[in-house]
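Presented below is the structure to which this report refers.
A short reminder: the numbers here are calculations on the coordinates, not readings from a lab. Because the structure is a prediction, the values reported are computed rather than measured. Every residue, glycine as well, gets a Cβ built from its backbone with ideal geometry; the counts of neighbours run over all protein chains shown.
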Amino acid sequence: MSHTTEWKTHVYLFEEDHTTKVRVELDTGTSRLTGHGTARCNPTDKDVPEIGDELAAARALENLAGQLKRIAHRDMVGSGTAAERDPLKPYGGWMDGEGVG
């Protein structure tokens, strides 16, 4: 079965007082999710805004990924798949590094 779809994302970065906040919005066409991430520059560190952007964006994307995993788990249970103990545990059926190489 072939399936192609497009998900739209927007990444918003805000910096103020050595703190970077990122909001990632995902529109799947059927649902909208928002991930959030924050990074703070240590006062003793050199202020490099790009590092804050990268860290905050990575954290927002991790937050969004966690939401997607929970939704996928809920959908698997709804389709009759037995619930796992840990819904965020990597699933070996997808390329997650297990059994590769």
In cubic angstrom, how much convex hull volume per residue do the alpha carbon atoms of the range 8-78 span? 73
Suppose R0 equals 35 Å; then what is the FRET efficiency for THR38 and THR4 from their Cβ-Cβ distance, rounded to the nearest 0.05? 0.50
